[in-house]
Structures are given as structure tokens and as C-alpha cells.
Amino acid sequence: MPLKPIATEGRPAVSSRWQRYLDVLEREGVPPKYRRWYVRHVEQFISAFKGRRLGELGRADLVEYLDRLARDPEAPGWRIRQQVDAIRLLLVKLGGAKVAGEVDWDFYAEAGLRDLERDHPTLARELPPERLVRRAKGGLTEGGKAEAVLMRMVRILRTQNYAIRTEAAYRDWIVRFFRFVGEKDPDVLGMEEVNAFLSHLAIERGVSRGTQRQALNSIGFLFKHVLHKELALKEGFRAAGPSRRLPVVLSRDEVQRLLGVLEGRNRLMAGLLYGAGMRLMELVRLRVQDVDFGRSSITVRNAKGGKDRVVPLPERYREALKAHLAERRALFDADQREGRVHVYLPGALARKYPAASTDWRWQYVFASARLSVDPRSGEFRRHHIHENTLQKAVNRAGREAGIEKRVSCHVLRHSFATHLLEAGYDIRTVQELLGHADVSTTMIYTHVLNRAGVLPVRSPADFD
């Protein structure tokens, strides 16, 4: 029978089944002050299926109910997370629906965690430079000359089509530089201030050479393109010490142990990171039209350096990806039935192709469980998942798998490259698959000599 409503405050007793649920909440560490809310969420869930036993519910019933929770863009994130967790504990820990194990609970819980921030790299180009500069951490004096110069730099970076992450890095370094020199008039800044700042980073801050080089590149861009001054470092400049760290690489056995701990969508995404060698942001921004099952390939669009490239689609994950896309299509169809739901389009595509934002082909493969509202247009949007979701899952899985290395999503990309080279693939081929501009970047993965010729590429995820 369905659970009967539990006694709330002021009522004396609870049924044994409800007491078991309260025991589950206690074992799972749910704080006492939240338990009555968990109970209310479960009561609402049971009421939605009035007259039906929990054991009779199908996967479609659960998914439809959870979709309704996650689809509400006005619902506070903490409440969605709490509702999903309350239902999960009822059905998975206490038992009730046989299909509960088939539901991707992490996907729905993510709806209550994080949506893409307005200054997230995927969306930041929608914000004018003024908004980004004034929201920067430790920003400059509003209305000052330094702020105006920084805004001008951001506009020039966009005119020259620099990557949004490069723009953010340069912006942050210039804020730090201006604050270091006391927000002097930018027109009077010279090599003395630059030398002092770079030496400060090396001596007082102890940064690596790569970090110091990034700061220098930022200041160099400012001087050349905004202040129109020659940048020539004087003697006495203190360079940071050299560092040449080898990447963390998992063995093939460790990769399989890591993937074995992960479940559902997280396992599929981590498998693709390893099997195709993609960067994390390349994966989460993947669109439906970029997956080609006929040619067993994935097209990575507008990657680092603004380049496209093609990587192998691992056969091991072909069917799992097809099943995921079938579920994704069902979610897309449900969105469109309830009202037009759009997807973010980069650059001027939204103006050039007005219907593309509601076209299935342009949708994100790995979409957020939660809808967002564009504050300017009022459109409902379904963005890609927040990258932190997978980062945390992979990090946690590495600990659970007993891997005594620092495990991250990027480690799977390192492992992809190393395992291909160990298998005898030509380093130039691996360079192309990784999207490296210079083969010297790829050389860090191995001391193996280059082989002549290019072999047909097969994903390391499919090796016997």
C-alpha cells in the first residue's frame, strides 16, 4: 500500500513505515531541522500518484515528476535539491519503486545546485565590457581612468576575437596591475612599474614562470594595443623560476576503475573525455549535430585557438550515447510542448538563424536539468550542465576507486594522449587529435620516438 501521511508536529504517532523513513534520514545525516521538510516533499510525491502503490511506478512516472520539479525556473535551488534528495532516499534507501535504480538522480539534484552564471565563459560575451569590468573581483574605482582603459582593452580583445577565457585572464591581471601601482594615471605608466609588478609576483607571491608569463602577456597587450607604448623590460627584472611538471597520467587499469565507480551520465561523460581526448568545456558545450554516428566521429567546434577538429567516437560508448540522446530528445520535446525553450547560440547566429535556438540539432547534448530565464529577452533557455558537476564527480570517484593520484577531468585527456603514444600512434596524429598548435606541447607526454606514417585512429577506450 502507499504510505499514509506521517504525523506532523502536534500529532502523537507515526506508522512503522514512516519511522523507517525517519531512521533513513538520520543515518544519511539529514539535520533534524530539515527532516519535516523531507517528509512534506515525500507526502507531495505520494499525493501525485494517489491510489497507486510505489512499487507500481515506472521509470517514466518518476522522470516526469522529477522533470516537473526541475523545470520550474522560479523554484529556489535549495528546494529542488531537497525535494529530489527526499524522494531518492524514500525510493532507493527505503525501497518502494523497482525502477528507482534506473533514474539518474545526480542529474535532477544538479538542477538545485548551480546554473550558469551571467559571467560564465559560455555566456560572458552577452555582457557588455562595462558589466564585466565592474563585477571583477577587487575591481577598480568606478568612473576612474584606469577603469575606462580596462573597458577599452576588453573591447579590443573582442574585436580581435580572443577567447573569452583569455579575455577574463587578461582583465583580471590588469586589475591586479592597476591596483598594485595605486591606480596611477595609465598614461604615465612605464617599464619601472611593470618591472616592479613582475618582480613582486616572482618574489613576494612565488608564482610559477607560466603564471608570470601570462601576467606579462596581459600587460604587453595593454601597452601595445591600448596605451600604444613600447614594452621593453629593463635589467633587474626578476623572472620566476622555471617549472616543468609532468602531467598526471592514469594507467589503463586505473581508468577502468575510475569509470567503474561512476554511474549514469557522469560515467558516459568521463568515458568520452578519455575516449575522445576532449577538454572538459569542449564536452559540456557539445551540440547534437556535432555527433556523427555514421562516421564514428565527434566534431569539436571553436576549441582553443578558435579551431575545429574531429576526434573519434569510442565504440564502447556508442550505444550509451544513443540512449542518452534519446532521453535528451524526450526532454527537448517536453520542453517544446510546454512552451518554446531556447538554447544559447554564440556570436550573431541567433540573429542570422532566428529559428536555430529551438532546433533540435543545436541543443546541448549534456543539458542542465533546470531551465533558465534570459533576463533581457525573457526567453526560457536550457543551458549545458555546469562543468563543476562532473569535476566533483570525477574527483570523488578517484578517491572511491582508491587511486593515489590527483584525479581530475583533465587527467583523462592526459591519459588519452599517453595511451595512444604507448600504442604506437604517430605523435603528429596525437597532436592533431588534441588540437595542439605546436608539437612540442604534445611531446610532454612521451619520450617515445616518432614513427613514420599515420595510422588509422582508434580510440584507446576500445583497445582490447
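At-a-glance table
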item	result
Residue selected from the range 40-55 under the condition assigned to a helix (DSSP H, G or I) and touching a residue at least 40 places away in the same chain (Cβ under 8 Å), by the criterion surrounded by the most Cβ atoms within 10 Å (Cβ to Cβ)	Val42
Selection from the range 271-282 of residues that are part of a helix (DSSP H, G or I) and over 14 Å from His324 (Cα atoms)	Leu273, Tyr274, Gly275, Ala276, Leu280, Met281, Glu282
Members of the range 328-368 that are in a helix (DSSP H, G or I) and touching a Lys or Arg at 6+ places or on another chain (Cβ under 9 Å)	Leu331, Phe332, Ala334, Asp335, Glu338, Ser357, Thr358, Trp360, Arg361, Trp362
Some residue of the range 58-72 being within 21 Å of Gly29 (Cα to Cα) and at pLDDT 85 or above	no
Unmet criterion (only one of (1) part of a loop (DSSP other than H, G, I, E, B); (2) exposed (fewer than 13 other Cβ atoms within 10 Å of the Cβ)) for Asn302	(2)
Number of positions in the range 320-337 that are more than 15 Å from Trp360 (Cβ to Cβ) and surrounded by 13 or more Cβ atoms within 10 Å (Cβ to Cβ)	2
Qualifying residue in the range 406-418 (condition: of a type in the set (Phe, Trp, Tyr) and in a loop (DSSP other than H, G, I, E, B))	no
Index of the failed condition, Ile164 passing every other in (1) surrounded by fewer than 17 Cβ atoms within 10 Å (Cβ to Cβ); (2) modelled with pLDDT under 85; (3) hydrophobic (A, V, I, L, M, F, W, C)	(1)
Long-range neighbours under 7 Å by Cβ, at least six apart or interchain, first residue within 21 Å of Leu116 (Cα to Cα) within the range 77-105, second charged (D, E, K, R)	Asp104/Arg265; Trp105/Arg88
Unique match (being in contact (Cβ under 8 Å) with a residue 60 or more places away in the chain, part of a helix (DSSP H, G or I) and assigned by TED's automatic domain parsing to the domain that holds Leu412) among Gln256, Gln289	Gln289
Among (1) touching a helix residue (DSSP H, G or I) at 6+ places or on another chain (Cβ under 6 Å); (2) within 22 Å of Ala163 (Cβ to Cβ) - the single one Asp290 does not satisfy	(1)
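The values are calculated or read from the model by the stated rules, or taken from the named source; none is laboratory data. Here the structure is a predicted model, which means the values were calculated and not measured. With ideal geometry, Cβ positions are generated from the backbone for all residues, glycine too; neighbour counts draw on all protein chains shown.
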